């Protein structure tokens, strides 16, 4: 204290002197201690606050912390299986696509990072600055999906940029994986494939029929708190769907599609359908309907144009003017697989089976001759041969080659209603083929059984008039005729392979029954060969160097006499050991006098000329058509004013109803739609009146 | 003049920095991974700052602190200039302008201002000692006001954009004044003036600061109380011993700035009340060492610098913890030596270098 005083005195005397350093005196030390004590008190206060929070609110806050945790787990999508053709070409596949997710909160935290991120997004994705800014407006959000289903290429480019020096600043962007169904070949084989609606729901075709096989099981990533209260994650890997190898050959399909499309643009028809099968085991090699669509965009209105008349603009206008019901009807029409779902009167192609039955039952020995005088009196009706003057005396081969109705009526009569009806069933008419495509037409009520097969009906059915069949039925039966009598279940799926590549199931072809003997088959093949060599298909169906066996068919649609025809041609190549059965139907071609055009035969020839070299089916003889002896192309078959059998029940079954539905909530409408349509197609309603008239006459 | 270099303080500083690095790594790993695909992103930056700071601290500790007295006025001009510059050309960050960029180096003038203020106030205090002793109420008021007057300009400038740093600066000035002033009445006056000033400032300040008061009062319910609430959840869920180092749940996107202003809450969550008390004790120990350096210091200038530093560290630690425990309205103050941040860490270590330099020139009590 004395020193302090003395210094104070000295300062008074000489305030400008600073040599003597000033001391941190006792008084100040006391003050400092006081300051430190205040600070310690403050520290104790905050320390106590920490304790108080734990003591008073600890349990509650612990719960709050846990309740804030998101337990809801992340779904890892499975991959729907691929659909592959017989050569390994992908018909349908699932591509990984990416949803772009932003975390606005992290992006907006730093101006520079925000700018870099926004610029990068605009550069690498198809999005405008305004859209990104809009998404970033919600600056507290951690999850904003700004783009969906971006291709891998774009995402990869973006991620490469992120790895560069400039791109390091990008933040708060991540990608969510998803799968999108993709059909690389567009509308090729669309009716075989079908398409998928949202959520991997297959609609129609293989997608629909094998939906559960193609789908897998989603995986999951769970987060949970373990006993030590730390986050653990567990991943259950997704199980990917099975891949399906079809019997389709995309090259064959492509050739057929090109030829028919050419025809549709040049000439056109209400519908053209083609099925190509491998007769040895009834594999379907190709299946085509002219009303094709792109399964990548099944709802595309462009594809509906064929249903309307006029210029492009007029058609689009009409389509856009449709109400919902009409639109759905149009779409269902578009997606419909004529080959499987629809039935028609086959006409003369059916004669193959009548003759086969007669030979198999020894009703015919093979050397019989028949006199065709231009028609036959059956009960109260006189039923004309298509050649009203008559073919004269014909052998069985001649009857086939000339497609003589008169001879066939006589053969039918010899067979009798019991045997005819029995063979109708043997060949699968009126039954389902159980082809592995959805919505197969139900034809039980569209053929006559032994009870209802009266004289007139028998006579008509013997040449393919008066009964309804589907293309798949007739083609499959035809396969059995040319392959030695083995009726296989037709199928489009060859093999099912799981995600790891191991085979789940092989489908070699299921032999359902024996239809005819080898010997009968050989005889029939000779007859069929003659049809193309010297018969009704000779001028239009013959291809130099190839041994083709086939049968033409021309059926007038109901009501008779309206000039609307379904022309068809079915053939097997090479006829000795067939590797291919090709069946072409043309419904209402835009041709003058279609009954004499043999347009289906012409189309077959066009297809075969390109198809046979591709299939490595070589030329086996150098025979040329004997134009002198060649028959005139088959004229119209129907000469009978009567009717096809009465379809008392609805002409469909549950399969046909479920053929293709837009989606679940429109299922009812779809069902109704399918019913009426099939009824119209089979003309069952109009028949009733006709039949009534028959009875009274 | 003996060499009383304070190894205990050096050890405390190094320990706190290492502990800080561990906690920065723990609390920022999630954020680093999410935003930069690198859990050690923030840690990697921080240990480099720490290394630079270490060299600077050692370097500064060899410089005789008495040199600073000569350039005290220059420092004052520098502080005013830098804080002015930040208002004019500074760039925005977190809503308020606090950064200034020179070349590639970014720094916060307000961080520099704290150390500068310690030196400047200590320097003129040496000559103020006598003036403060004047008797009479009028003299007391005038002399004390005169003492504070020169600091009002830089503090006012800082306060326009960064209230919390201004408060810390004010605390530094007051801390030195308390120790220096011979009048006991100063305690009462200071308490009243501080309270009134704070109240007035809050009352007439920008509206967003008023909103902070509302949030503070209704922390459990106010929608904008989310950040502090999350910090309190972290503290409350820590328990006695915590969830274990690295096991914080709240750092995963819930506590904002988990590696920065809110790091204390993550420390409590992971290391519990035990860890929190240990950390507070470390800071108290550090303050105690500062006090010892003061008492052993042979001259007033050095001692008063350390008093300023002591007040600075104490105020900053207390405000930081008080914010995360919601004792006071939320404001952005880092936890010294622990929080993530380059300028803050390096300036603190330079500050420690100055204190260590003072400690070199101490004498054992009674020796003089």
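The values are calculated or read from the model by the stated rules, or taken from the named source; none is laboratory data. Computed from a predicted structure; not experimentally measured. Neighbour counts are summed over all protein chains in view; Cβ atoms, including those assigned to glycine, are modelled from backbone coordinates with ideal geometry.
Here are some notes:
- Among the residues here, residue A:411 does not qualify as assigned to a strand (DSSP E or B) and buried (at least 18 other Cβ atoms within 10 Å of the Cβ).
- Index of the failed condition, residue B:244 passing every other in (1) touching a helix residue (DSSP H, G or I) at 6+ places or on another chain (Cβ under 7 Å); (2) more than 11 Å from chain A (Cβ to nearest Cβ): (2)
- Checking each residue in the range A:107-130 for being touching a strand residue (DSSP E or B) at 6+ places or on another chain (Cβ under 9 Å) and modelled with pLDDT under 85 picks out A:107, A:110, A:111.
- Scanning the range A:202-225 for residues that are farther than 15 Å from residue A:242 by Cβ and touching a helix residue (DSSP H, G or I) at 6+ places or on another chain (Cβ under 7 Å) yields A:204, A:205, A:225.
- Check on residue B:172, modelled with pLDDT of 90 or more, surrounded by 21 or more Cβ atoms within 10 Å (Cβ to Cβ) and within 20 Å of residue A:27 (Cα to Cα): yes
- Take the conditions (1) farther than 22 Å from residue A:340 by Cα; (2) buried (at least 20 other Cβ atoms within 10 Å of the Cβ); (3) at pLDDT below 90; residue A:215 misses just one of them, which is (3).
- Residue check, residue A:357 modelled with pLDDT of 90 or more, surrounded by 22 or more Cβ atoms within 10 Å (Cβ to Cβ) and outside the structural domain of residue A:406 (by TED's automatic domain parsing): no
- Options B:189, B:173; residue that is in a helix (DSSP H, G or I), within 23 Å of residue B:334 (Cα to Cα) and in contact (Cβ under 8 Å) with a residue 12 or more places away in the chain: B:173
- Hits in the range A:61-103 (condition: within 41 Å of the chain's Cα centre (by Cα), at pLDDT 80 or above and under 30 Å from residue B:266 (Cα atoms)): A:101, A:102, A:103
- Looking across the range A:132-154, the residues that are surrounded by fewer than 19 Cβ atoms within 10 Å (Cβ to Cβ), over 28 Å from residue B:226 (Cβ atoms) and in contact (Cβ under 8 Å) with a residue 12 or more places away in the chain come down to A:148, A:149, A:151, A:152, A:154.
- If the condition is being assigned to a helix (DSSP H, G or I), within 12 Å of residue A:28 (Cβ to Cβ) and touching a strand residue (DSSP E or B) at 6+ places or on another chain (Cβ under 8 Å), then the range B:291-320 contributes B:303, B:306.
- Some residue of the range B:321-335 being part of a helix (DSSP H, G or I), surrounded by fewer than 22 Cβ atoms within 10 Å (Cβ to Cβ) and either more than 9 Å from chain A (Cβ to nearest Cβ) or in contact with a strand residue (DSSP E or B) (Cβ under 9 Å, 6 or more places away or on another chain) (or both): no
- Any hit, the range A:32-54, residues being at the interface with another protein chain (Cβ under 9 Å from one of its Cβ atoms), buried (at least 19 other Cβ atoms within 10 Å of the Cβ) and farther than 30 Å from residue B:242 by Cβ: yes
- Enumeration of residues in the range A:134-177 that are away from chain B (no Cβ under 14 Å), in a strand (DSSP E or B) and farther than 30 Å from residue A:293 by Cα: A:144, A:145, A:146, A:176
- Residue check, residue A:580 in contact with a helix residue (DSSP H, G or I) (Cβ under 8 Å, 6 or more places away or on another chain) and at pLDDT 90 or above: yes
- Any hit, the range A:372-388, residues being within 37 Å of the chain's Cα centre (by Cα), modelled with pLDDT of 85 or more and buried (at least 23 other Cβ atoms within 10 Å of the Cβ): no
- Criterion applied to B:348, B:356 was being farther than 20 Å from residue A:38 by Cβ, surrounded by fewer than 24 Cβ atoms within 10 Å (Cβ to Cβ) and either more than 10 Å from every other protein chain (Cβ to nearest Cβ) or within 17 Å of the chain's Cα centre (by Cα) (or both), and the one residue passing it is B:356.
- The single condition from (1) in a helix (DSSP H, G or I); (2) free of Cβ contacts under 8 Å to residues at least 40 places away in the same chain; (3) more than 10 Å from every other protein chain (Cβ to nearest Cβ) that residue A:116 fails is (2).
- Annotation: residue B:258 fulfils all but one of (1) outside any loop (DSSP other than H, G, I, E, B); (2) more than 11 Å from every other protein chain (Cβ to nearest Cβ); the unmet one is (1).
- Residue list for the range B:24-60, filter: within 14 Å of chain A (Cβ to nearest Cβ) and either modelled with pLDDT of 95 or more or within 23 Å of the chain's Cα centre (by Cα) (or both): B:26, B:28, B:42, B:45
- Flag if residue B:274 is at pLDDT 90 or above and within 23 Å of residue A:28 (Cα to Cα): no
- Filter result for residue B:343 (more than 8 Å from chain A (Cβ to nearest Cβ), touching a strand residue (DSSP E or B) at 6+ places or on another chain (Cβ under 6 Å), closer than 20 Å to residue B:6 by Cα and in contact (Cβ under 8 Å) with a residue 12 or more places away in the chain): no
- Residues satisfying the stated conditions in the range B:272-290, i.e. within 14 Å of residue B:321 (Cα to Cα) and within 8 Å of another protein chain (Cβ to nearest Cβ): B:273, B:276, B:277, B:280, B:283, B:284
- Scan of the range A:269-287 for residues that are over 19 Å from residue A:344 (Cα atoms) and surrounded by fewer than 19 Cβ atoms within 10 Å (Cβ to Cβ), ordered by number: A:280
- Qualifying residue in the range B:222-232 (condition: at the interface with chain A (Cβ under 8 Å from one of its Cβ atoms) and either in a loop (DSSP other than H, G, I, E, B) or surrounded by fewer than 23 Cβ atoms within 10 Å (Cβ to Cβ) (or both)): no
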